[in-house]
Structures are given as C-alpha cells and as structure tokens.
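The values are calculated or read from the model by the stated rules, or taken from the named source; none is laboratory data. Everything quoted here is computed from the prediction, not taken from an experiment. Here the Cβ positions follow ideal geometry from the backbone for every residue, glycine too, while neighbour counts run over all protein chains shown. Just the protein is used for accessible areas: all its heavy atoms, side chains included, with ligands, DNA and RNA removed. Shrake-Rupley method; radii C 1.70, N 1.55, O 1.52, S 1.80 Å.
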Amino acid sequence: MTLQNRLGMRAIVGLLAALFIGFSTQAQDKKAKDLLDKVTGKVKSYENITIDFKYSLNNAKENINQDSKGSVVMKGNQFVLSFMGITKIFDGKKNYTINPEDEEITISKVDEKDESAITPSKMLTFFNTGYKFSMDITQNVAGKKVQYVKLTPTSAKDPRKEILVGIDTKTNNIHNVIEIAKKGTKTTLTVISFKTNQALPKNQFTFVASKYPNYYINKLD
C-alpha cells in the first residue's frame with residue numbers, strides 16, 4: 001500500500017467518524033448541541049447506512065489538489081469501506097484490509113481500549129471529549145441549506161485547527177465534513193448519496209478468504 005493510500009484511508013476512516021457524532025451535554029453552544037442531537041438521533045434510528053462520498057485533499061502552499069471517491073456500508077458494529085482501490089472490512093472483531101495492487105490482505109484485531117482505534121462502536125462518541133463546538137455559517141449548496149457547526153480541538157498538540165460539520169437543515173443529515181490542519185492542509189468529505197435500511201447480503205461484512213486465492217495473508221495478531 002502506498003503512503004498516499006495509507007494516509008488517505010486513515011483520513012477517511014477518521015472523517016467518516018464525524019458522520020456519526022455523539023456529543024456530551026457540556027456544550028458551548030446550545031443551538032449547536034440541539035442540531036447535532038437531531039443528527040445523532042436520526043443516525044441511531046437507521047438499521048444500516050450506505051454512503052457514496054467524494055474526498056478532496058488540498059494544500060495551496062504545497063500545490064496539492066487530489067480528489068477521490070469511495071463508499072462505505074455500515075450496520076451496527078460492522079462496516080465495509082472502499083477507497084482508493086483498497087477495501088477495509090470490519091466484522092465487529094477484526095479488520096481485513098484488502099489491497100488488490102499488492103495482492104495482500106492484512107488481518108488485525110481491534111483493541112476497543114485503544115483510543116486511537118476507530119471502530120463503528122466509537123463513531124457515536126468520537127467527539128465526546130476534546131472539542132469546543134459552536135454554530136458557524138449557513139450556505140446554500142446545490143439547492144440545500146447547509147448549516148455548519150465548528151469543532152475546535154482543545155489540545156494544543158492536535159494538528160488540526162478546526163473541523164466543520166455541514167448539516168442539511170431539511171433532512172438533518174450530514175452534507176460534508178471539512179478538516180483544516182494548522183499547517184494549511186484541508187480535507188473535505190462530501191456525501192454524494194446517503195441511503196438507509198437497504199437489503200444487504202448476509203455475508204456483507206464477512207471476509208471470505210477463498211475469493212483471494214493468490215493473495216498473501218499478513219496476520220498482525
């Protein structure tokens with residue numbers, strides 16, 4: 001897996017967590033909390049969620065402009081993420097990272113106690129601590145009224161300056177998530193389609209080794 005793929009996959013998983021925000025009651029802005037509570041409540045009501053998204057990485061100083069597309073299917077404590085040619089399956093216990101270019105599959109267990117590990121079970125509480133948040137600007141985007149909520153990390157060591165969560169005020173679904181780093185890099189995840197309660201195959205979140213007969217299996221645990 002190239003460095004670009006590794007960084008991109010890591011950023012996507014982190015940004016996707018922002019689609020499923022659960023916030024503590026210690027809000028700095030009641031309007032922001034009320035709006036985010038509506039988003040959280042709606043997400044919790046779905047049996048499963050299928051998202052197609054666009055991911056953009058920009059840094060004017062470094063003259064970097066990269067766009068990619070991907071998709072993710074989530075149900076309970078499981079997900080399948082496809083991005084930049086890589087597929088990541090989490091079956092609730094283990095991560096399976098499938099890399100067709102290298103014909104390699106990496107299998108690793110997930111330690112729920114590891115604060116840096118991102119799993120669906122954490123996606124509703126990912127931003128519970130470590131952020132101040134407040135209402136930001138409202139924009140009309142492709143006929144949608146999008147209200148932004150700004151999250152500012154409280155730790156000076158955090159490389160991010162702020163995170164902007166754009167919410168479609170009509171549907172209370174996430175429109176996009178923007179991360180702005182202190183060094184100028186901006187990553188944006190924009191939801192292209194948001195489907196819920198789809199009829200999923202029984203083996204949607206099951207890794208089937210027989211599908212990859214010539215792949216090298218790298219077990220980390």
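Quick notes on this structure:
- Leu124, sole failed condition from (1) modelled with pLDDT under 55; (2) within 18 Å of Ile178 (Cβ to Cβ): (2)
- Residue within segment 31-52 that is closer than 29 Å to Ala209 by Cα, surrounded by 14 or more Cβ atoms within 10 Å (Cβ to Cβ), free of Cβ contacts under 8 Å to residues at least 24 places away in the same chain and within 14 Å of the chain's Cα centre (by Cα) present: no
- Look at segment 56-83: where a residue is open to solvent by 40 Å² or more (accessible area, probe 1.4 Å) and a partner is not in a strand (DSSP E or B), sitting 6+ places away or on another chain with Cβ atoms under 6 Å, you get Lys61/Gly184; Lys75/Asn48; Asn77/Gly92; Asn77/Pro120; Asn77/Ser121; Gln78/Asp91; Gln78/Gly92; Gln78/Phe205.
- Of the residues making up segment 61-88, those that are of a type in the set (A, V, I, L, M), assigned to a strand (DSSP E or B) and more than 14 Å from the chain's Cα centre (by Cα) number 2.
- A count restricted to segment 181-221 and to residues that are crowded, with 16+ Cβ neighbours inside 10 Å and of a type in the set (A, V, I, L, M) stands at 2.
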